Amino acid sequence: MPDTDRVIQRTASVEERVDAVQAALDERGLKASEAVEELGHLAQETWIPENGARVIARAWIDPEFRKRLLANGREAVAELGLAMPKHHRHLVVLENTAQVQNVICCTLCSCTAFTIIGLPPDWYKDVEYRSRVVRESRTVLREMGLDLPPQVEIRVWDTTADTRYMVLPEQPRGTGGWSEDKLAALVTRDSMIGVARLGAP
């Protein structure tokens, strides 16, 4: 016999649960709302792809900086006033060439060098991308709009607990002699993840 006395309660949405936890922390003086507001500000105003674009543009016009960037990415970006969290102990910068396309992922979650290239896009966090790009990278890139010739080698790099990656795209043809600011405007987050190449302007 069905239990007609049982009451089925609605499950709170994720947003409602987050709000409840935040309110409980605020009541205990832990200032959760302030922390959330600060994180929102950082995500929108400080942790942005334009940081990485500045790094890429500097590498294109300054060969000595490029060498330092490829040797020790963390120290090189610090030269431009860009900080990384302490647990991001290493920033490895991967140089694309006409023959090599580097792609980054995080098979366990969605880690990126977020203070440099911005917070990860939704597709980067999706299990489809995380699981497939390491097994069928050429197909995944083609589905994302990057159809590479067979002779181009694709190298996929999986983020670790203390190592973050960033792709150094090839400088587009026809941009020699451009200013650093003008070059930086060409760089996209997707190109720094490695799922896109930059075409000639």
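The values are calculated or read from the model by the stated rules, or taken from the named source; none is laboratory data. Owing to the predicted nature of the structure, the values given are computational and were not obtained by experimental measurement. Note that we place each Cβ from the backbone using ideal geometry, even for glycine, and neighbour counts take in every protein chain shown.
For this structure, a couple of remarks:
- Taken over the stretch 67-79, the criterion of being over 19 Å from Thr112 (Cα atoms) and touching a residue at least 12 places away in the same chain (Cβ under 8 Å) is satisfied by Glu79 alone.
- Where helices (runs of 4 or more DSSP H) fall entirely within the stretch 1-76, those with at least 1 residues that are surrounded by 12 or more Cβ atoms within 10 Å (Cβ to Cβ), in the same structural domain as Thr115 (by TED's automatic domain parsing) and at pLDDT 65 or above are at 49-61, 63-71.
- Taking the numbered list (1) closer than 29 Å to Pro63 by Cα; (2) assigned by TED's automatic domain parsing to the domain that holds Pro63; (3) of a type in the set (A, V, I, L, M, F, W, C) in turn, Val127 passes all entries but (1).
- Verdict on Thr175 being of a type in the set (S, T, N, Q) and closer than 21 Å to Asp126 by Cβ: no
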